[in-house]
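Notes follow the structure.
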Amino acid sequence: MADTATRAIPPRMEFSDEAAAGGAAAAAAEEEEEEAPSPAAEISEVEKSKIGIMRAVVERDDPSAKDVDDFMIRRFLRARDLDIEKASKLFLKYLSWRRSFVPNGVISASEVPNNLAQRKLFMQGLDKKGRPIIVVYGGRHNPSKGSLEEFKRFVVYTLDKICSRMPGGQEKFMGIGDLEGWGYKSSDIRGYLAALSILQDCYPERLGKLFLIHVPYVFMTAWKMVYPFIDPKTKKKIVFVENKKLRTTLLGDIDESQLPDVYGGRLPLVPIQDS
């Protein structure tokens, strides 16, 4: 693979041993990620068997599990390396969380006004694998505008929007985290950890890849605090990109016709609420 070392570790940045290992893991796993079965691939016989067993377990404990499809069950299984007991525990926890956190079945725009007003998240286009593309401007996040609870609702609002826009047979999305202008005013460790928990525990196997771009040195303070809480599977999907290789790196995964125009492509950014 070309340029993986420079793509995985931000230029001129010092990592702790753990953080550096995380960057290396992202690079080393990138090719493995590319070789993984496509989401549209048929469920394997091993997975079919485990899905059947897990479905019986979770439906016994929570009848609402009957409403989910096999692909959702499979995502939870894959998130726990096909361990039925661990996946069932995670899934039942998710069902309980969903009922309490999203009692109406959906988060409305009126429930996240402060976060939407910051115009920090956009969704448009598909990458070369057919995954929806989101762009997040970390420097626009202002935790003083709105509560932590509203931010958590915003995360769910966003992830539900992404999932509802996925083409048939697709299960994952691609993210571009643009940290230009990020500073301590934008830093929100509690928010980052809450978002990470929701993504990993409630929407497992949804993230396909995350490019972190325009990363300032000061961001590494926050990164080192969040890094220990990132699941190993998620770590493999995070790629730091050098500024000088930004466009060529993005074009490796996104056709120019689908690339946001702010990065040299042809698609204008579309706010998540308008997508």
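For region 158-167, a tally of residues being without any contact (Cβ under 8 Å) to a residue 60 or more places away in the chain and more than 15 Å from Gly125 (Cβ to Cβ) returns 4. Restricted to region 153-252, the set of helices (runs of 4 or more DSSP H) holding at least 3 residues that are over 30 Å from Phe91 (Cα atoms) comprises 219-226. Got at least one residue in region 202-221 being open to solvent by 20 Å² or more (accessible area, probe 1.4 Å) and among the small types (Gly, Ala, Ser)? No: region 202-221 contains no residue that is open to solvent by 20 Å² or more (accessible area, probe 1.4 Å) and among the small types (Gly, Ala, Ser). Answer yes or no: is there a residue in region 156-174 that is within 20 Å of Phe219 (Cα to Cα) and either open to solvent by 20 Å² or more (accessible area, probe 1.4 Å) or of a type in the set (D, E, K, R) (or both). Checked region 156-174: no residue is within 20 Å of Phe219 (Cα to Cα) and either open to solvent by 20 Å² or more (accessible area, probe 1.4 Å) or of a type in the set (D, E, K, R) (or both).
Taking the listed residues Gly105, Gly138, Gly146, the one that is out of contact with any strand residue (DSSP E or B) (no Cβ under 9 Å at 6 or more places or on another chain) and farther than 30 Å from Glu59 by Cβ is Gly146, with no other qualifying.
Any chance you could count how many residues in region 145-167 are among the acidic types (Asp, Glu) and touching a helix residue (DSSP H, G or I) at 6+ places or on another chain (Cβ under 8 Å)? So the answer is 1.
Applying the condition of being under 18 Å from Asp231 (Cβ atoms) and open to solvent by less than 20 Å² (accessible area, probe 1.4 Å) to region 175-190 and asking which residue is nearest to the chain's Cα centre (by Cα) yields Gly175. State whether one or more residues within region 236-256 are open to solvent by 40 Å² or more (accessible area, probe 1.4 Å), at pLDDT 95 or above and under 18 Å from the mean Cα position of the chain (by Cα). Looking for residues that are open to solvent by 40 Å² or more (accessible area, probe 1.4 Å), at pLDDT 95 or above and under 18 Å from the mean Cα position of the chain (by Cα), one finds at least one in region 236-256, hence yes.
The values are calculated or read from the model by the stated rules, or taken from the named source; none is laboratory data. Source: prediction; values computed, not measured. Don't worry about glycine lacking a Cβ; one is built from the backbone with ideal geometry, like all the others, and counts go over all protein chains shown. SASA here: full protein model, heavy atoms, side chains in, ligands and nucleic acids out. Shrake-Rupley method; radii C 1.70, N 1.55, O 1.52, S 1.80 Å.
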